[in-house]
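> Structure incoming, see below.
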């Protein structure tokens, strides 16, 4: 399992929603720029220290939807603050609810997708430029 995670660059997290404590893998620390062993991660710390300020409100709303509406799986892409600059991450998660419908655990993976987002931005800029100038695309 570890080799597969290393091959994909995926990080793993496991959030105990009852205690509001999260276990995170070494790669999670790398992606978020957290020195290993130096940070106890809770929901509020994650949201307010790592999620980009422009994304906090809608990310929090999405997570409240997961918490309150028994979504068994979720996927979200958002920006984070890293000491080296803004990064994009993609999070995939699965949830566990108790018999009262309360979220008790969420586990998942996170990937650094900053390079992909930059390519999407570059392609979008070029496409927009082509539409504005109405120039044909060269065939290579």
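> Restricting attention to the stretch 65-80, does a residue exist that is more than 30 Å from residue 121 (Cα to Cα), touching a residue at least 40 places away in the same chain (Cβ under 8 Å) and not in a loop (DSSP other than H, G, I, E, B)?
yes
> List every residue pair whose Cβ atoms sit under 6 Å apart, with the two residues 6 or more apart in sequence or on different chains, where the first one lies in the stretch 15-39 and is on the phi > 0 side of the Ramachandran plot and without any contact (Cβ under 8 Å) to a residue 60 or more places away in the chain and the second, anywhere, is part of a helix (DSSP H, G or I) and surrounded by fewer than 18 Cβ atoms within 10 Å (Cβ to Cβ).
Taking only residues 6 or more apart or on different chains, the pairs are 20/43.
> Of all residues being outside any loop (DSSP other than H, G, I, E, B) and in contact with a helix residue (DSSP H, G or I) (Cβ under 7 Å, 6 or more places away or on another chain) in the stretch 28-47, which is surrounded by the fewest Cβ atoms within 10 Å (Cβ to Cβ)? Just the residue, please.
The extreme case among them is 47.
> Something else about it: For the stretch 83-91, state whether one or more residues are surrounded by 12 or more Cβ atoms within 10 Å (Cβ to Cβ), in contact with a strand residue (DSSP E or B) (Cβ under 7 Å, 6 or more places away or on another chain), modelled with pLDDT of 95 or more and within 16 Å of residue 14 (Cα to Cα).
The answer is yes, given that some residue of the stretch 83-91 is surrounded by 12 or more Cβ atoms within 10 Å (Cβ to Cβ), in contact with a strand residue (DSSP E or B) (Cβ under 7 Å, 6 or more places away or on another chain), modelled with pLDDT of 95 or more and within 16 Å of residue 14 (Cα to Cα).
> Follow-up. Starting from residues that are loosely packed, with under 11 Cβ neighbours inside 10 Å and closer than 24 Å to residue 105 by Cβ, keep the ones in the stretch 48-64 and report whichever is modelled with the lowest pLDDT.
So the residue we want is 64.
> Return yes or no: is residue 23 under 30 Å from residue 99 (Cα atoms), modelled with pLDDT of 90 or more and not in a strand (DSSP E or B)?
So residue 23 fails the test.
The values are calculated or read from the model by the stated rules, or taken from the named source; none is laboratory data. Because the structure is a prediction, the values reported are computed rather than measured. Neighbour counts run over all protein chains shown; Cβ positions are idealised from the backbone, glycine included.
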